[in-house]
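First the structure, in the form of structure tokens, and then the observations on it.
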Amino acid sequence: MPGYHAPPETVPPASRTPEVLGGIIRSALEAGELTPPRRPLPEPSVLLPTAVEVFGGTPGAPFSDIIERGIVLWSNLIGLLVFQVFSRTHDSVRDQSAFFDRAIAVAAEGIGLVVPLGENTD
């Protein structure tokens, strides 16, 4: 909403989800679990310094755009949750649970994370 500013007391609780997601991405990056992107995002970065600070700095190539990609993943997660809550795919998807899992896997590929689908992970 144009001109809207969240009340200051709502910012810390709202920051928890992206901070946790950023920690997961950082851990996967440090563990060597991410596949480099096929196409890097163009420069210059559109990030605010606070986003870089929360992540702990900008990683080097080929993952220098991982923070922006993480924000895309975060927005995809929120969108998927909204679709689940409001049953937006009920008339086009036969299995909501399987679709959610597939959508998460596709979104995770954007940061270079491979999420197994229907595979035995034991």
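FYI, it's all coordinate maths here, none of it is from the lab. The structure presented is a predicted model; accordingly, all values stated were derived computationally and were not measured. Heads up, the Cβs are rebuilt from the backbone with ideal geometry, glycines too, and the neighbour counts pull from every protein chain shown.
Figures for the structure shown
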quantity	calculated
Nearest-0.05 FRET efficiency for Q84 and E53, computed from C-beta distance (R0 35 Å)	0.65
Over the chain: helical MRE at 222 nm, DSSP H runs n ≥ 4 each giving -39500 (n - 2.57), nearest 500	-16500 deg cm²/dmol
Measure of compaction for the stretch 29-120 (Cα Rg per 2.2 N^0.38 Å)	1.25
Dipole of the chain, positive end: most advanced residue of L29, A51, G3 [Cβ charges, Cα centre]	G3
Neighbour count of at most 10 Cβ within 10 Å plus DSSP loop: longest trypsin sites (Lys or Arg not before Pro)-free window in the chain	39-93
Given the chain, longest segment not containing exposed loop chymotrypsin sites (Phe, Trp or Tyr not before Pro) (DSSP; at most 10 other Cβ within 10 Å)	5-85
Under 12 Å, Cβ to Cβ, from V72 - net charge with Lys/Arg +1 and Asp/Glu -1	-2
Where GluC sites (Glu not before Pro) fall in DSSP loop in the stretch 1-81, at most 15 other Cβ within 10 Å	E33
Estimated distance in nm for a label pair at S64 and A28, the labels positioned 7 Å out from Cα along Cα-to-Cβ	2.2 nm
Rounded, prolate or oblate (a/c below 1.5 giving rounded, otherwise prolate when a/b exceeds b/c) for the stretch 73-122 by Cα gyration tensor	oblate
Axial C-alpha extent at least 24 Å, average Kyte-Doolittle at least -1.0 - helices from the chain (DSSP)	11-30, 66-85
Shape box of the stretch 1-40 [Cα atoms, principal axes, largest first, Å]	38, 22, 8
Largest-first principal axis extents of the Cα set of the stretch 52-103 (Å)	43, 19, 12
